[in-house]
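Nothing in this text is a laboratory measurement; each read-out follows from the coordinates by a stated rule. All of these numbers come straight from a predicted model, not from anything done at the bench. Here the Cβ positions follow ideal geometry from the backbone for every residue, glycine too, while neighbour counts run over all protein chains shown.
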Amino acid sequence: MTNTAAPIEVRSCTQDDWPLILTVDEAAFGYSFDPEQSQPDYALLEFDRSLLAWCEGVPVGHTTAYSLQMSVPGGQVPVAGVTWVAVLPTHRRRGVLTELMRRQTRDIHERGEPVAALYASEPAIYPRFGFGLASQRLEVSIDCAYSAMHGPRDPALRTSLVTPEHARAAVEHVYAAIRTVRAGMPARPGLWWQRIVADPKARRDGASALGAVVVADGAGPRAYALYCTKSAWEGGSPRGEIRVREHGSLDAAAAHELWRLLLNVDLVATVSHQNMAVDDVLMQLLDDPRRARPALQDSLYVRLVDLPAALAARSYATDYEGVVQVSDDLAPWNAGRWRLSLHADGAGCDRTDAEPDLVVDVRALGAAYLGSTSLSPLVAAGQIQERRPGSAAALGRAMRHEPLAHCTFIF
């Protein structure tokens, strides 16, 4: 029987630990990797920032992070994309994840990355480690029989059906342009493309190979979608489905042309998308947006690892001057009272002994960091205590940003 009091030791990984990482991850998430599926993940894994937790000589937990450059209001910032977080079922509730998160947070800070971000398989886990919900997404399932749209049209636009590889330059062009204005989008150099279009047969669930649509005019691409199709019949009638993996558009006319094609494919009854921006223009283009059956879901969780550097890396919608008292058990260097001076071109963040206008948990600042989370609900939820009336609303106005933050892929 395992000793429940056995100590947890966290060690750095090397490439030789890949089989152990897979073993922990497969046991924790309940599925098996095949070589075709795991190759893009292996190629991207940064072993020098991967950690295994050991107990009595057995690997019982794992975490790692990708070195990302993520868009934020007014620019971009180095971000640790926390991923592959797993603990064996036999060692839950023993502090394994706490030790991994403590070590990883320290390592991220020493690397000079001001911010960490992740997608949560279980959202209840990460707030206690300082992560706040910074963006949300829509899941939609659009009934093609009710897909009439209104809005701008551009006769110069043309659509093409191509392979993902042939669409690559167009996708990268549109994606790069969108991330200059929308926060939450990491740059995707080199090997990331192979992961974005990875399409192992074992994961298709009977659907077609991945395809692409590109919308362009004489000046170049203006919209794209990566998608697959699943054929289905019901009572002799076609009930096929198009599943959109990712899409992007530079303007409403290009979006109109993209969705007009996707929603009018023969033998297709439904177009679904699991990761659409909450403020995506499609919801305004549809005559009957209720037929899209939009469902709101959580998306990116953000943690400020270096508070002054993180706040200085983004711009602000309005000026704010005030004192904020921050609690942060995992990153004590963030804790204490800070005098904030936020402006359109950056921020000052200096330690002070002055009385605070706001008392906040660090996860509240992470939630607000990308500019999409209002502070008022956080005050109501007790994550922010307002000592000076109106100060939370003033800070919220400064941090607000449009369009709303969104990340088009799960890392």
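For the chain, the relative contact order comes to 19 percent (Cα pairs under 8 Å, sequence separation of at least 6). Listed from fewest to most Cβ neighbours within 10 Å, the set Thr14, Thr318 follows the order Thr14, Thr318.
For region 159-312, dividing the convex hull volume of the Cα atoms by the residue count gives 157 Å³ per residue.
Cα centroids of region 263-294 and region 215-234: how far apart, whole angstrom? Centre-to-centre distance over Cα atoms comes out at 13 Å. Mean separation of Cα pairs under 8 Å and 6 or more residues apart, divided by the residue count, gives region 51-192 a relative contact order of 27 percent. The order of Phe29, Phe411, going from fewest to most other C-beta atoms within 10 Å of their C-beta, is Phe29, Phe411. For the chain, the share of DSSP beta bridges that are antiparallel, to the nearest 5, is 85%. For region 133-223, trypsin sites (Lys or Arg not before Pro) meeting the loop criterion (DSSP other than H, G, I, E, B) and having at most 15 other Cβ atoms within 10 Å: Arg153, Arg204. The alpha-carbon positions of region 121-200 define a convex hull whose volume is 226 Å³ per residue. With contributions of -39500 (n - 2.57) from each DSSP H run of at least four residues, the per-residue ellipticity at 222 nm computed over the chain stands at -7000 deg cm²/dmol. In terms of other Cβ atoms within 10 Å, Leu365, Leu404, Leu51, Leu296 run from fewest to most in the order Leu296, Leu404, Leu51, Leu365. The distance separating the Cα centre of region 325-370 from that of region 1-80 comes to 30 Å. For the chain, the Cα-based Rg and Dmax, in that order, read 22.8, 74 Å.
Shape summary of region 9-113, radius of gyration then Dmax from alpha carbon positions: 14.3, 48 Å. Local charge for Ala381 was computed over the other residues whose Cβ lies under 11 Å away, with Lys and Arg +1 and Asp and Glu -1, and equals 0.
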